[in-house]
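No lab work stands behind these numbers, since they all come straight from the coordinates. Everything quoted here is computed from the prediction, not taken from an experiment. Methodologically, a virtual Cβ is constructed for each residue, glycine included, from the backbone with ideal geometry; neighbour enumeration extends over all protein chains shown.
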Amino acid sequence: MKLIIANWKATKNSMEVNQWWQTFSSGPFEKKDVHVVVNPAFIHLQLVSDLLKSVHAPFQITLGAQDVSPFPDGTYTGAVTARMLKDVAVTHVIAGHSERRRWFHETPQDVSLKVEQALHHDIHPIVSVDRENFRTQLGQFDDESLRQIMIMYEPPEAISMMAGSIGKGTSADIADIEEMLTSLKRLAPETPILYGGSVKSANAKTFLSHSALSGVVVGTASMDAQEFIKILHEA
Ligand code: PGA
């Protein structure tokens, strides 16, 4: 089973979420051994949670979040906690996306607290790492936590070009990914590893058919419902 994460980042208002849904939910879908996770902005989690209840897809599809508070409920103005995410049926959360690390100055310690919160509420954390810093980024986790997370390998420069992008829009080549897979497997032999960075329908098969990858994180290409359906067909 492959995990396909749709990361909408900071895009879409509620009308655009509804439009995406209208296109997406009419398919066509093929029966695939995939688990799709749609990650809208916090403010649209409830809306997407409700929309997901009405879909009839021949594969699993659940709700994800792009971030979570490192703290539990309490005096943390502006934060959205893991308990709140669980309440709207979030199953997965991205922790330490390179854009969060870059623009919001998240540290490995912050990411580790986010993971702790997610695990405490039975939400699967997906920890984003890059080539230069993966040892420090994963260094916060003991073996027990490493067994409970998923890793997303995303070279920041591989992220698609759009407003605010830190990437150049060219996906990593398979040799680079395989080298990273070897290093990551040495650190965390049992942890599922996803790839992210300019995944689209034209290249999705390469990543989705790779036996050592447990799935993909799709940003820009997931924001277009038709293109996202095409990616699912490649699984
Ligand atoms: P991209 O982004 O697919 O637009 O490159 C993926 C991600 O950063 O989650």
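Can you work out D for the range 1-125 in µm² s⁻¹ from Stokes-Einstein, where Rh is the Kirkwood radius over C-alpha pairs, the temperature is 20 °C and the viscosity is 1.002 mPa s?
141
I need the calculated FRET efficiency for the pair residue 132 and residue 170, taking r as the beta carbon distance and R₀ as 22 Å, to the nearest 0.05.
Given R0 = 22 Å and the Cβ-Cβ separation, E is 0.80.
Take every Cα pair under 8 Å in the range 1-136 that's 6+ residues apart, average their separations, divide by the length, and report that relative contact order as a whole percent.
20
For residue 25 and residue 209, calculate 0.36 nm times their separation in residues minus their Cα-Cα distance, and state this gained length in nm to one decimal.
Here the segment from residue 25 to residue 209 would lengthen by 63.8 nm.
Leaving out same-chain residues fewer than 8 places away, which lysines sit with a Cα under 22 Å from that of residue 2?
31, 32, 53, 185, 200, 205, 230
Relative contact order of the chain: what whole-number percent is it, with Cα pairs under 8 angstrom and at least 6 residues apart?
Relative contact order of the chain: 21 percent.
Per DSSP H run of at least 4 residues, take -39500 (n - 2.57); add these up for the chain, divide by its residues and hand me the 222 nm value, nearest 500 deg cm²/dmol.
Roughly -9500 deg cm²/dmol at 222 nm, from the helical runs in the chain.
I'd like the FRET efficiency for residue 14 and residue 56, computed as 1/(1 + (r/R0)^6) with the beta carbon distance as r and R0 of 30 Å, rounded to 0.05.
After rounding, the FRET efficiency stands at 0.85.
Take 130, 50 and order them by how many other Cβ atoms sit within 10 Å, fewest up front.
By the 10 Å Cβ count, ascending: 50, 130.
Work out the length of the dipole vector of the chain about its Cα centre, built from +1 on the beta-carbon of each Lys and Arg and -1 on the beta-carbon of each Asp and Glu, and round it to the nearest 20 debye.
360
Ranking 162, 180 by Cβ neighbours within 10 Å, fewest first, what do you get?
The most exposed by this proxy come first: 162, 180.
Once the dipole of the chain is set up with Lys and Arg at +1 and Asp and Glu at -1 on Cβ about the Cα centre, which of 126, 136, 207 lies farthest towards its positive end?
207
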